[in-house]
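This report refers to the structure that appears directly beneath it.
The values are calculated or read from the model by the stated rules, or taken from the named source; none is laboratory data. What you see is a predicted model; the values in this text were computed from it and never measured. All Cβ positions, glycine included, derive from the backbone under ideal geometry; neighbour counts span all protein chains shown.
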Amino acid sequence: MDKNFYITTPIYYPSAKPHMGHAYSSIVADFFARFKRIDGFDVNFLTGTDEHGLKIQRAAEKEGLDTLKFCNEISKTFRDLSKTLNLTNTDFIRTTEGRHKKSVQSLWNELKKNDDIYLSKYSGWYSVSDEAFYAEDEIEEINGKKFAKSSNSTVEWVDEESYFFKLSKWEKPLLDYYKKNPNFILPLSRKNEVISFVKNGLKDLSISRKSFSWGIPVPDNKDHVIYVWLDALTNYISALNYPDTKNKMYKKFWPASVHLIGKDILRFHAVYWPAFLLAANLPLPKKIYGHGWILSGEEKMSKSKGNILDPLEIINQYGLDPLRYYLIKEVSFGNDGNISQERLIDCINSDLANNFGNLCQRVTAFAIKNCEGKIPKKINFQNDDLKILDKFKNNLDLIRDKIDEQDLNFYIDFIINTLFETNKYFNDQEPWNKKNDILRLNTIVYTTLEIVRKISFMLYPIIPESSIKALKIFSINEDSIKFSSLENHNYLKGNDKIKKIDILFKKIEKNYD
Ligand code: MSP
């Protein structure tokens with residue numbers, strides 16, 4: 001079985017500071033990367049910044065800065081955010097790097113060689129904010145101004161010489177591909193959207209611009225720069241050293257396992273990117289997953305709407321793991337989700353502090369007092385104990401399958417339900433009333449500790465720092481976190497010392513003024 005896993009986030013525009021939407025894509029990608037790693041996969045996890053095009057050029061002009069200098073500054077804030085979010089990305093790519101430029105120009109040459117590029121003229125609408133061309137029927141006029149219907153961004157008229165990619169030629173092969181690979185685009189609603197877009201007919205795509213210079217030059221015609229989306233999408237292979245398709249990284253990790261993206265950039269990833277790859281005779285990524293939007297006050301966050309939630313402010317106030325947990329739990333994966341500080345506080349108090357944190361504290365305090373601070377050695381599982389322990393053992397493959405379908409909701413529900421059951425189990429078993437039956441008392445404590453261990457393993461991809469802290473109870477370190485060990489009911493060794501740990505999550509008072 002292929003034990004390599006390659007996941008990517010979109011590469012972000014460094015036109016403004018990162019916001020919660022960017023943090024969301026990255027945190028979710030990190031979840032999958034960490035899960036796969038603890039399940040024995042060799043993981044390549046790529047993120048980065050998308051630095052060319054008119055949008056960036058104009059943003060730099062507005063600040064009165066040299067474009068590259070401007071990109072250097074903002075790209076750094078994204079790189080720093082990766083650290084702040086505790087991402088385990090293995091690479092961070094910038095499209096202004098030499099390795100990327102080489103790769104994009106090689107792909108261009110390949111498309112040209114295969115007769116998929118021709119020179120003509122583009123006359124039509126363009127949105128700088130989306131870096132997208134729009135057809136007449138995708139535009140609406142409000143108060144004399146033209147907007148793209150799908151994104152509400154303003155469009156401007158472009159009339160210039162341009163190279164075109166023969167996208168129309170790939171309409172049928174793409175539809176065949178979607179049919180043959182039913183999980184290529186997920187969730188289902190997004191797949192249907194893409195199929196109906198392609199079925200409506202694909203027009204050839206303008207893939208160069210002449211009226212500005214901030215981009216990668218077209219080989220053999222320096223008057224043109226390559227369209228920023230052809231440039232940006234190539235990052236997924238330039239990070240694997242394309243055009244060298246014989247090198248270890250490329251051979252190991254291409255095709256990518258998942259391109260995780262927001263639904264706003266589905267067309268680029270599910271139509272244009274596969275068409276470019278088909279035209280270049282390169283394998284297609286295994287999956288494009290388009291997640292929903294994080295909404296703030298029921299609207300998509302954007303600079304122009306002024307409703308941006310700053311991840312750094314939230315992290316400073318509540319900590320990173322609560323934010324990671326909250327985003328993963330609260331936003332039903334694949335759909336849009338509204339977030340608020342009030343719900344974040346509820347989540348910290350009920351799930352993290354009450355359910356998980358409290359369970360860890362209670363059982364360790366009890367064991368320290370009643371089991372000489374050691375993992376009980378003599379135990380004898382009964383049905384009540386096995387019922388809850390078996391839940392893990394019996395569901396390992398199901399959990400793996402769900403992860404491969406990106407069913408994050410299943411994963412988090414499994415954890416929450418098990419936490420409830422375990423708290424209930426500990427209460428119902430009343431180990432404090434079993435002081436005359438040490439074997440039973442020991443077995444209840446062992447079972448509960450074993451579940452704390454298992455849940456901490458499962459929580460690791462979501463709240464890594466807190467999971468590592470909780471595992472200090474057993475002196476288990478990060479390297480020992482293995483998903484397959486959830487099968488084992490007797491992982492904890494009798495007589496090993498139990499350590500008291502600090503409170504994992506502090507409860508937060510709500511401020512109602
Ligand atoms: N540069 C392009 C992507 C190129 S990928 C080859 C781009 N950048 S972006 O910075 O505008 O946004 C990138 C991604 O950030 C979105 O696709 C989405 O994954 C995420 N989000 C941005 N705003 C978002 C929300 N409000 N909610 C959730 N995610 C959103 O597009």
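I want to confirm something. Restricting to the stretch 263-295 and keeping residues that are in contact with a Lys or Arg (Cβ under 7 Å, 6 or more places away or on another chain) and part of a loop (DSSP other than H, G, I, E, B), which single residue is farthest from the ligand (Cβ to nearest atom)?
GLY292
So, in the stretch 342-360, how many residues would count as being closer than 25 Å to VAL445 by Cβ and crowded, with 18+ Cβ neighbours inside 10 Å?
The total comes to 8.
Out of (1) away from the ligand (no atom under 13 Å from the Cβ); (2) over 14 Å from MET20 (Cα atoms), the odd one out for TYR325 is which?
Exception for TYR325: condition (2).
Within the bounds of the stretch 97-112, is there any residue that is in a loop (DSSP other than H, G, I, E, B) and at pLDDT 95 or above?
Within the stretch 97-112, one or more residues are in a loop (DSSP other than H, G, I, E, B) and at pLDDT 95 or above.
Does LYS62 satisfy the condition of being crowded, with 22+ Cβ neighbours inside 10 Å and more than 16 Å from the ligand (Cβ to nearest atom)?
Considered against the rule, which asks whether it is crowded, with 22+ Cβ neighbours inside 10 Å and more than 16 Å from the ligand (Cβ to nearest atom), LYS62 comes out as no.
Return yes or no: is ASN383 out of contact with any Lys or Arg (no Cβ under 9 Å at 6 or more places or on another chain), modelled with pLDDT of 95 or more and within 20 Å of ILE468 (Cβ to Cβ)? Explain how you work it out, then say what you get.
Numbers: out of contact with any Lys or Arg (no Cβ under 9 Å at 6 or more places or on another chain): yes; modelled with pLDDT of 95 or more: yes; within 20 Å of ILE468 (Cβ to Cβ): no.
The answer is no for ASN383.
Given the options SER26, SER75, name the one that is within 21 Å of LEU459 (Cβ to Cβ), crowded, with 16+ Cβ neighbours inside 10 Å, touching a residue at least 60 places away in the same chain (Cβ under 8 Å) and within 13 Å of the ligand (Cβ to nearest atom).
Step by step, each of SER26, SER75 is checked, and only SER26 is within 21 Å of LEU459 (Cβ to Cβ), crowded, with 16+ Cβ neighbours inside 10 Å, touching a residue at least 60 places away in the same chain (Cβ under 8 Å) and within 13 Å of the ligand (Cβ to nearest atom).
Looking only at the stretch 10-19, which residues are near the ligand (Cβ under 7 Å from one of its atoms) and either closer than 16 Å to ARG400 by Cα or touching a strand residue (DSSP E or B) at 6+ places or on another chain (Cβ under 7 Å) (or both)?
PRO10, ILE11, TYR12
For the stretch 72-86, check the following and say yes or no: at least one residue is out of contact with any strand residue (DSSP E or B) (no Cβ under 9 Å at 6 or more places or on another chain), part of a helix (DSSP H, G or I) and among the hydroxyl-bearing types (Ser, Thr, Tyr).
Taking every residue of the stretch 72-86 in turn, at least one turns out to be out of contact with any strand residue (DSSP E or B) (no Cβ under 9 Å at 6 or more places or on another chain), part of a helix (DSSP H, G or I) and among the hydroxyl-bearing types (Ser, Thr, Tyr).
Report yes if LYS391 is closer than 19 Å to MET458 by Cβ, away from the ligand (no atom under 16 Å from the Cβ) and buried (at least 17 other Cβ atoms within 10 Å of the Cβ), otherwise no.
yes
Only strands (runs of 3 or more DSSP E) wholly contained in the stretch 114-227 count here; list those with 2 or more residues that are farther than 26 Å from ARG99 by Cα.
Correct list: 117-127, 132-134, 139-142, 145-148, 156-165.
Listed residues LYS169, LYS203, LYS222; which is touching a Ser or Thr at 6+ places or on another chain (Cβ under 7 Å) and farther than 30 Å from ASP407 by Cβ?
LYS203
Those residues that are among the hydroxyl-bearing types (Ser, Thr, Tyr) and either modelled with pLDDT under 95 or surrounded by fewer than 12 Cβ atoms within 10 Å (Cβ to Cβ) (or both), I need them from the stretch 485-513; list them, please.
TYR512 - this is the single residue of the stretch 485-513 that is among the hydroxyl-bearing types (Ser, Thr, Tyr) and either modelled with pLDDT under 95 or surrounded by fewer than 12 Cβ atoms within 10 Å (Cβ to Cβ) (or both).
Among the residues of the stretch 367-381, write down those that are assigned to a helix (DSSP H, G or I) and either among the polar types (S, T, N, Q) or buried (at least 19 other Cβ atoms within 10 Å of the Cβ) (or both). Spell out the reasoning first.
Taking the stretch 367-381 and keeping what is assigned to a helix (DSSP H, G or I), we get 367-370.
Residues satisfying the conditions are ALA367, ASN370.
Which condition number does ARG99 fail, the rest of (1) within 15 Å of the ligand (Cβ to nearest atom); (2) under 23 Å from HIS269 (Cα atoms); (3) of a type outside the set (Val, Ile, Thr); (4) touching a residue at least 60 places away in the same chain (Cβ under 8 Å) being met?
(1)
Residue by residue, here is whether (1) of a type in the set (Gly, Ala, Ser); (2) free of Cβ contacts under 8 Å to residues at least 60 places away in the same chain holds:
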site: LEU471; (1), (2): no, yes
site: PHE474; (1), (2): no, no
site: ASP479; (1), (2): no, yes
site: LYS482; (1), (2): no, no
site: SER485; (1), (2): yes, yes
site: ASN490; (1), (2): no, yes
site: ASP502; (1), (2): no, yes
site: LYS506; (1), (2): no, no
site: GLU509; (1), (2): no, yes
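Just to be sure I understand the filter: pairs with C-beta atoms under 8 Å, separated by 6 or more residues or on different chains, first member in the stretch 160-185 and in contact (Cβ under 8 Å) with a residue 12 or more places away in the chain, second member buried (at least 21 other Cβ atoms within 10 Å of the Cβ) and among the acidic types (Asp, Glu). Which pairs pass?
Short answer, once both residue conditions are applied: PHE165/ASP116; LYS166/ASP116; LYS169/ASP116.
What single numbered condition from (1) more than 16 Å from the ligand (Cβ to nearest atom); (2) surrounded by fewer than 19 Cβ atoms within 10 Å (Cβ to Cβ); (3) within 29 Å of the chain's Cα centre (by Cα) fails to hold for GLN105?
The failed condition is (2).
For the stretch 36-70, how many residues are in contact with a Ser or Thr (Cβ under 6 Å, 6 or more places away or on another chain) and either in a loop (DSSP other than H, G, I, E, B) or under 25 Å from PRO311 (Cβ atoms) (or both)?
Result for the stretch 36-70: 12.
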